[in-house]
Amino acid sequence: MEMTMRWFGTGFDTVTLKQIRQVPGVTGVITTLYDTTPGEVWSRERIRALKDEVEAAGLRISGIESVNIHDSIKIGSPDRDQYIDNYIETLRNLGEEDIHMVCYNFMPVFDWTRSELARKRPDGSTVLAYSQKAIDALDPETMFDSIKGDANGAVLPGWEPERMAKIKELFEAYKDVDEEKLFENLKYFLEKIMPVCDEYDINMAIHPDDPAWSVFGLPRIIINLPNIMRMMKMVDNPHNGVTFCSGSYGTNRENDLPGMIRALKGRLHFAHVRNLKFNSDDDFEEAAHLSSDGDFDLYEIVKALYEIGFEGPIRPDHGRMIWDEVAMPGYGLYDRALGATYINGLWEAIDKNATRG
Ligand SMILES: [Mn+2]
């Protein structure tokens, strides 16, 4: 594995490349052109400039999170081919710049959903949290307003104001899209992009839906092992793979996280590691990465990654907000640095145990 951190780019992220470079063992960043909109072509010049900036700080671009998919592709609208062509051009430009991993998601309307961005934990830290009861009491627009007010001034990935301004139209556009249709549209998209992925050896890593069930009546498909297997089989190419996100798959307590990792051997291109603490089946909050602070066994998760010979980028996922840091919720420096260090420690111990017999 290669330890990385997500970085949103100068002007968008409160964390600097210099700070990331000083986290022990972190050699790369997972980044994006944060000011592009879904459907837009990423120019080679802009990719090159981003790469130069990252490399000047002594790091490398280990992958992109995300190149977002235009809603027309997810809906299957008549204009989708134009957006797929643009996506292919972006992939080609990334490939030309020697970038080989792209994370994306196929969630209708919303990216991840949370009911709170700053729930207080017993130690005084604040975390993102989800309560189904709170979500059921909201309509999507009210949720957007409350999330915007809580974001420490940051624009949250997937919650861009331009998008949310047309939320009613978006819901309307998705009204005939059920799970089967969404699978069909994903297949159509993947079949079109695989040739350029083969040409440039680009691993596509679909991010799971978060939480791993339907929210506001919208279909969700990347939620469990049978569905991921179906997704990989319907376009059976090693470049059609997944992002294993423990915090997203783990929202459904029936998902066996280490077992899923083992089943994904060879198709797991990117890993997000975080821990959740459940207060009930439909109320959870994000915890410190340390196993004992939440409900996941991080040792077993990292061990499964080790055992499948995982060589791709891994990153600590959302962290708690601690030590009075002001940053994008989930994306402060301090707790993610602690998470990276903990995961590195687990990996070292597992590796030494395995190789010293
Ligand atoms: Mn994730």
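Build a GNM of the chain with springs between Cα atoms under 10 Å: which of MET164, MET107, MET328 gets the top mean-square fluctuation? Looking only at MET164, MET107, MET328, the biggest GNM fluctuation is shown by MET164. For the stretch 2-355, averaging the sequence separation of C-alpha pairs within contact (under 8 Å, six or more residues apart) and dividing by the residue count gives a relative contact order of 18 percent. A cut-off under 13 angstrom between Cβ atoms defines the neighbours of GLU160, and their net charge, with Lys, Arg +1 and Asp, Glu -1, is -2.
For the chain, a crude dipole built from +1 on the beta carbon of Lys and Arg and -1 on the beta carbon of Asp and Glu, taken about the Cα centre, is about 720 debye to the nearest 20. Taking amide H atoms as placed 1.01 Å from N in the peptide plane, the amide H of ARG6 lies under 5 Å from those of ILE30, each 5 or more residues away in sequence or on another chain. Straight-line reach from LYS277: which lysines have Cα under 18 Å away, leaving out those fewer than 8 places along the same chain? LYS277 reaches LYS120, LYS133. Which shape class applies to the stretch 108-236: rounded if a/c is under 1.5, otherwise prolate when a/b exceeds b/c and oblate if not, where a ≥ b ≥ c are the square roots of the Cα gyration tensor eigenvalues? Judged from the Cα gyration tensor, the stretch 108-236 comes out prolate (a/c at least 1.5, a/b above b/c).
Net charge in the neighbourhood of ILE206 (other residues with Cβ under 14 Å of its Cβ; Lys, Arg +1, Asp, Glu -1) is +2. The stretch between ALA165 and GLN132 holds 9.5 nm of extra length on full extension. This uses 0.36 nm per residue minus the Cα-Cα distance.
For SER292, the shell of other residues with beta-carbons less than 14 Å away shows a net charge of -3, using +1 for Lys and Arg and -1 for Asp and Glu.
Pairs from the table (LYS303/LYS352; LYS51/LYS265; LYS74/LYS168; LYS18/LYS352; LYS233/LYS265) lying more than 19 angstrom apart at Cα are LYS51/LYS265; LYS18/LYS352.
For GLU40, no residue whose modelled amide H falls within less than 5 Å of its own remains once neighbours fewer than 5 places apart on the same chain are excluded.
What is the stretch 1-109 by shape, rounded, prolate or oblate, if you read a ≥ b ≥ c off the alpha carbon gyration tensor as root eigenvalues and call it rounded for a/c under 1.5, prolate for a/b larger than b/c, and oblate otherwise? The shape class here is prolate. Put in line by how crowded their Cβ is, counting other Cβ atoms within 10 Å and starting with the fewest, ARG315, ARG230 read ARG230, ARG315. Here's how it looks for LEU276: its modeled amide H is under 5 Å from those of ALA287, ASP295, PHE296, which are all 5 or more places away or on a different chain. Rounded, prolate or oblate, given the Cα gyration tensor of the chain, with a/c below 1.5 counting as rounded? Rounded shape, in that the Cα axes give a/c under 1.5. Rounded to the nearest 500, the helix-only mean residue ellipticity at 222 nm of the chain stands at -11500 deg cm²/dmol, with each DSSP H run of n ≥ 4 adding -39,500 (n - 2.57). The mean sequence distance of close C-alpha pairs (under 8 Å, at least 6 residues apart), as a share of the length of the stretch 135-234, puts its relative contact order at 26 percent. Once each part is reduced to its C-alpha centroid, what is the distance from the stretch 239-288 to the stretch 163-199 in angstrom? Centre-to-centre (Cα) distance: 23 Å.
When only Cα pairs under 8 Å and 6 or more residues apart are kept, what is the percent relative contact order across the stretch 234-325? So the answer I get is 30 percent.
Every number in this text was worked out from the coordinates using simple rules, so none of it is lab data. Keep in mind that what you see is a predicted model, and the values were worked out from it rather than measured. FYI the Cβ positions are ideal-geometry reconstructions off the backbone, even for glycines, and counts take in every protein chain you see.
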